[in-house]
Amino acid sequence: MTYELAIGDRSYSSWSLRGWLLFEKFGIPVRVRKGDLYSDDLQGLLADFAPARLVPAIRTPDGEVVGETIAIAETLAERHPDAGIWPADPAARAMARYVAAEMHSGFRDLRNECPMDLLNSYEDSRPSVAVLADLARLEEIWARARGRFGQSGKWLFGNYSAADAFFAPVAARIATHNLPVSTLAKDYVDMHLQDHAFRRWRAMGKAENRVLSVYAMPYKQKPWPGPAPQPAAATDEPSINRTCPYSGKPVTHSLRLNGQVWGFCNPFCRDKTMHDPDVWPAFIQMVEHQQA
Ligand SMILES: N[C@@H](CCC(=O)N[C@@H](CS)C(=O)NCC(=O)O)C(=O)O
């Protein structure tokens with residue numbers, strides 16, 4: 001038995017992103033089950049995670065259901081004390097818990113006015129005074145965390161911690177809504193956009209190929225503010241490999257990248273790879289092995 005994680009649409013569900021990062025960044029195996037937001041599909045999924053009423057929700061290997069992202073973080077930290085979910089230093093850990101809890105319960109104006117949408121990015125936006133106040137508060141706590149505890153790495157408390165998972169969707173909001181922030185905050189936002197786990201999540205969201213127009217904003221679009229993925233395209237050509245790099249099953253769907261054709265055992269795994277080929281370790285290993 002492994003953990004199960006219920007999530008919503010990857011392009012839009014900011015809390016699902018946080019919940020998934022808590023597994024992905026700390027090497028905890030999990031079976032992800034996705035439901036479409038605002039649909040019976042999600043309600044059906046959540047019925048299997050009773051009494052959860054929102055995503056993310058998890059089921060532990062021994063069958064306990066936990067909802068609320070902050071409770072999921074604490075449950076995983078308790079069950080995996082060596083995973084580094086919270087910083088090892090007690091003072092850093094205290095502040096990391098504090099800022100993650102503040103994210104969990106606060107920043108409502110930023111969250112309401114600037115929804116997470118990993119499919120779109122805007123030239124400008126008109127942040128309200130309340131959103132600017134949320135940004136000022138973020139600047140304050142990010143600068144304090146980095147200044148006091150950030151020497152050993154590039155994340156808020158040095159190494160990546162649950163606090164960074166909690167702020168990943170905020171980083172996406174700042175970047176895609178082009179919100180005004182300091183250089184220090186922008187550097188931290190860029191860390192998230194470059195992070196391979198974050199990029200895997202975004203690539204999977206693109207592979208889901210589901211657009212929720214309710215999140216569209218009336219602003220001029222700009223290119224995605226993170227690293228531009230290598231161009232790859234779906235193809236029917238025969239692939240170099242016969243088995244899928246992820247499952248070992250026979251190839252059924254292929255993509256073309258840098259003049260070579262690679263195969264996968266289902267359309268989702270082909271498409272998630274196609275949308276950002278550089279961030280999938282098993283795929284990269286296969287390509288490098290073939291080229292060696
Ligand atoms: N406080 C909750 C918030 C979770 C939440 O708002 N999830 C949204 C998706 S991002 C949801 O499940 N929406 C479905 C609905 O409202 O029916 C947490 O920390 O997990």
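The values are calculated or read from the model by the stated rules, or taken from the named source; none is laboratory data. As the structure is a prediction and not an experimental result, all values here were calculated from the model. Here Cβ is always computed from backbone atoms with ideal geometry, including for glycine, and neighbour counts include all displayed protein chains. SASA here: full protein model, heavy atoms, side chains in, ligands and nucleic acids out. Shrake-Rupley method; radii C 1.70, N 1.55, O 1.52, S 1.80 Å.
Once the dipole of the chain is set up with Lys and Arg at +1 and Asp and Glu at -1 on Cβ about the Cα centre, which of A165, A292, I85 lies farthest towards its positive end? About the Cα centre, the residue reaching furthest to the positive side is A292. With all protein chains in place and a 1.4 Å probe, the accessible surface of the chain carries 51 percent carbon and sulfur.
Over the chain, what is the relative contact order in whole percent, taking alpha-carbon pairs under 8 Å and six or more residues apart?
About 15 percent, as a whole number.
By the Cβ rule of 4.7 Å, the chain holds the following cysteines without a possible disulfide partner: C114, C269. Backbone geometry of segment 48-58 corresponds, through the Karplus equation with coefficients 6.51, -1.76 and 1.60 at θ = phi - 60°, to 3J(HN,Hα) couplings of 7, 10, 4, x, 4, 10, 9, 9, x, 9, 10 Hz, x marking Gly and Pro. Our coupling estimate for segment 254-265, obtained by passing each phi through the Karplus curve with A = 6.51, B = -1.76, C = 1.60 and θ = phi - 60°, is 10, 9, 10, 9, 6, x, 10, 10, 10, x, 9, 9 Hz, Gly and Pro reported as x.
A helix-only calculation puts the chain at -14000 deg cm²/dmol for mean residue ellipticity at 222 nm, using -39500 (n - 2.57) for each DSSP H run of at least four residues, averaged over all residues.
In the context of the full protein assembly, S239 retains an accessible surface of approximately 30 Å², using a probe radius of 1.4 Å and ignoring ligands and nucleic acids.
Think of each Lys and Arg Cβ as +1 and each Asp and Glu Cβ as -1; about the Cα centre, that makes the dipole of segment 76-174 roughly 280 debye.
Can you tell me the length gained on complete extension of the stretch R79 to Q221, counting 0.36 nm per residue apart and subtracting the Cα distance?
Taking R79 through Q221 to full extension adds about 46.8 nm, to one decimal.
Loop-resident chymotrypsin sites (Phe, Trp or Tyr not before Pro) (DSSP state other than H, G, I, E or B) in segment 24-67 with no more than 16 further Cβ atoms inside 10 Å of their Cβ: Y38.
Protein-only accessible surface at a 1.4 angstrom probe places the residues Y3, Y219 in the order Y219, Y3, largest first. A simple spin-label model places pseudo-atoms 7 Å from Cα toward Cβ; at E102 and N159 they are separated by 2.4 nm.
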